[in-house]
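Right, one structure below, let's go through it.
The values are calculated or read from the model by the stated rules, or taken from the named source; none is laboratory data. None of these values were measured; they are calculated from a predicted model. Quick reminder, even Gly has a Cβ in these numbers, built from the backbone with ideal geometry, and neighbours come from all protein chains shown. SASA here: full protein model, heavy atoms, side chains in, ligands and nucleic acids out. Shrake-Rupley method; radii C 1.70, N 1.55, O 1.52, S 1.80 Å.
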Amino acid sequence: MTDVHRTVDAVWKLESAKIVAGLTRLVHDVGLAEELAQDALVSALEQWPESGVPDNPGAWLTAVAKRRAVDHIRRARRLELGAEQHAEPEREPEQDDVLRLMFVSCHPILPTEARVALTLRLIGGLTSAEIARAFLTGEQRIARRVADAKRALAEARVPFELPEGPELAGRLASVLEVIYLIFNEGYSATSGDDLTRPALCLEALRLGRLLAELAPHEAEVHGLVALMEIQASREAARTGPSGEPVQLHEQNRGRWDRLLIHRGFAAMLRARQAGGTPGPYVLQAAIAVCHAQAASAEETDWARIASLYEALSLLLPTPVVRLNRAVAVGMAYGPQAGLDLVEALTGDPALRDYHLLPGVRGDLLAKLGRHEEARLEFERAADLTANAAERDFLRRRAREITLPEVAGPTLGGAVRDFLAREDLDAGTLRSYGQTLRRLCLALGERVPLASTTPEQVARVFETAWGGAAARTWNRHRSAVRSFCAWASLDDLSARLDRRAESGPPVETIDGVRLAELWERADLSLRELTLWRLLHESAAGVRAVLSLNVEDLDLEDRRARAGDVWVGWRSGTARLLPRLVAGRTRGPLFLADRRPGPSRMPAPGDLCPETGRGRLSYERAEYLFKRATGHTLRQLRPR
C-alpha cells in the first residue's frame, strides 16, 4: 500500500461518517449517500497520487461527493425549483448529522446483526472485508447484511432525523446496545482461536466516545463509555504468555492501563453530573469502578458489587445479569449462597448453550469441595464454548481436578457407540444425534451412564424442547427410548409424557405469493433450490434435507431419501445442476460454513469436497421464516 493509499484510508476512517451523514440529509437515502461517498473516495484514489493530498482532505471528499449528489438530483429532476436550491439547504451542524446517521443505522426495524454491520460500515468507515475479518465470517455475508439493511431502511422510509420525546429512550438504547455488542465481541470473542479481538474493542470505544460528544447530556452514554474504558484497561493482564485467559482475581493489576481507568472515572463523573436515575450502563460502570478502585483482589468490595447487580437485575432481569449476580453473591457471602442462585438458572432456556453457566457452577462446586461435579461442569463448559482459548482453559481446569477413573461406560462414550451403528439410515442417525448430543451437552459427556436419571433427562427436555411442537417433543422422546433399549438401561424417558399431536391443517402459500417468491433476485441459489424442491416434490422437509448428491437422478428428476422417492419438476430441474456445481458426493444442501472442531457432524453429513456439513432443519426453517414469514411446511402444494 502506498503512502497516498494509507492517507486515503485514514481520512476515510475519520471523515466517512460526516460525509455519508451530510449526503443522507441531502438525498434522504442512506444507500445512495454511501454510494456517492464511495464515488468520491474512488476519485481521491485516482487523483491524489498525481495531484498530491489536499490540505483539507475531508473537505475535498465532501465537496466532490456533494457535487455528485447535485448531479444525481438534477438527473432525477426531483424538484422543479432546481437541484441547486435543493442541494444547499439551511446548514445544520455536522455533529447532528452524524448523530442522525447513528440512529438510522441502529434503527430497531433492523435485526441486531444488520445493525452491527451497518454501523461499522457507515459510522466506523470499515469495509465489508474488515468487518468480516473481525467477526470471522465471510465478506459476502457481511456485504449482504449491509445491502439488506439499506434496502429495509429505504422500504420503511426511515426519516433522517433525531427521535424526540418517548421514542428517544428506546432508540438511544438500540444505539448503545450495538456499540456494546461490538465491544463485547472484541473483549470476549465468541469464536476463533484468540480470547480477544482488540480492533473491535478500539472501534467500539471510538464510537462510544463520538456518541458521548454528540449527546453530552445523556447519562447512559457516558456510563457505557466509562464501562468500556475500564474494561479495556485490563486488556494486557487478561491473557497469559500463551494467550490463555487469566481470571480477574488472578490478574496482575499493575498491568492495568491507568490512563484508560482515569478516562473511565471521568466518564463516570460526567454520567453522574447528567443526573437522573442510574440506568443499566451506569450501574455496570459502577461495578467496573468497584473493581478498578480495589488495589488487590482481596480488597474488592464484593458486597457493594452484589448490591449493584441486584439493582441492575431489577432494570435488566436477564439470565446473564442474574448469573453475574450469583458470582458476586458467591464472592461476598460464600460459594453456597452463589450456588443456590445458580441452581435456579439451570433450567432457563436462554442459558441452554451458554458456557459460562456450567463454568460458574463448576467454580462454585470446586470451592465447596464437590470436585467430581465441578470437573464435569468444567468439561461441559469446554464443550459448549466456540472459543479455542477458553476451551483450553476450561479443559485445563478440569484436568487439574484429579479423580479416579469412572467405572463403567460414560454417557458420551455410550452415545458415540450408539451413533456408530451401521443398521441406522442417515436420517435416523441425524435425528437421534440431535437428541443425544443435546443430552451430552446438558449433562456432560463424562458423567457415568449408570448415574444418569430420568429426572435429569426430564430437566434437559423441559429446557431444550419444553416449548416445541408435540411432534418434535415426541421425536426426541423416541430417540431416548431407543437409546435406552440399545444400552439395556432403565427407561430414561420415564418422566416424559408423550404429547398429543393433533392440530389444525397447515395453510399453504397461495400461487401468487409463490410466483413472487420464485422471482426474487435476493435469494441465494441454495435457498431457491430447496424451496422449489419442497414445493414441487411435496416431500417432508427432513427427507429433502437428507438428500445426497450421489442419490440424484437428474435425468429422471428423482432421488431416493431413505425408503421414499423424491421427485421434482422443471423449476427445480433448472436449478439443481448449478447447485451441485461439479460435486459428486456428500449432502446436497450444505451449511454456510465449515463446522468447528467441537461441532463435527457424522461423516455422512459432511461434504468430502468442501468440508462443509449438511444444512440443518433449524437453519433452513429460520432462513425461510425470515425471508417470507411462513414455515417450510407451507410450501407444500394445495
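Observations
- Karplus 3J(HN,Hα) series, Hz, for segment 416-433 with 6.51 cos²θ - 1.76 cosθ + 1.60 (x for Gly, Pro): 4, 5, 4, 7, 8, 4, 9, 8, 10, 6, 4, x, 5, 4, 5, 5, 4, x
- When Lys625, Lys66 are compared by accessible area of protein heavy atoms, the largest-first order is Lys625, Lys66, using a 1.4 Å probe.
- Cα shape, segment 112-205, gyration tensor, a/c 1.5 rule: oblate
- Longest stretch of the chain clear of exposed loop sites (GluC sites (Glu not before Pro), DSSP loop, at most 14 other Cβ atoms within 10 Å, sites excluded): 165-399.
- Remark: accessible surface ordering of Tyr309, Tyr354 (largest first) is Tyr354, Tyr309, probe radius 1.4 Å.
- For Asn548, the residues whose modelled amide H falls within less than 5 Å of its own, excluding neighbours fewer than 5 places apart on the same chain, are Leu588.
- Surface composition of segment 214-367: carbon and sulfur atoms hold 54% of the protein heavy-atom accessible area at a 1.4 Å probe.
- Using a probe of 1.4 Å on the protein chains alone, the accessible area found for Thr472 is around 40 Å².
- Straight-line reach from Lys18: taking Cα to Cα under 20 Å and skipping same-chain neighbours fewer than 8 places apart, the lysines in range are Lys66, Lys150.
- Whole-Hz Karplus values for segment 16-26 come out as 4, 4, 5, 5, 5, 5, x, 5, 5, 4, 7 Hz, taken residue by residue from phi with 6.51 cos²θ - 1.76 cosθ + 1.60 and θ = phi - 60°; glycine and proline positions read x.
- Between the amide H of Thr239 and those of Val246, distances stay under 5 Å, these residues lying 5 or more places away or on another chain, with hydrogens modeled in the peptide plane.
- Local electrostatic count at Ser570 - Lys and Arg +1, Asp and Glu -1, tallied over other residues with Cβ under 12 Å: +3
- Accessible area in the full protein assembly, largest first, 1.4 Å probe, for Lys367, Lys150: Lys367, Lys150
- Long-range amide H partners of Ala561 with built H, under 5 Å: Val566
- Portion, in percent, of the accessible area of segment 511-634 that falls on carbon or sulfur, probe 1.4 Å: 50
- Listed values for segment 344-357 are Karplus-derived 3J(HN,Hα) couplings in whole Hz (6.51 cos²θ - 1.76 cosθ + 1.60, θ = phi - 60°), namely 6, 9, 5, x, 7, x, 5, 9, 4, 10, 8, 5, 6, 5, and x replaces Gly and Pro.
- Whether segment 411-487 is rounded, prolate or oblate, judged on the alpha carbon gyration tensor where a/c under 1.5 counts as rounded: oblate
- Using the Cβ of Thr453 as centre and a radius below 15 Å, the other residues enclosed give a net charge of -3, where K and R count +1 and D and E count -1.
- Among beta bridges that DSSP assigns inside the chain, antiparallel share in %, nearest 5: 85
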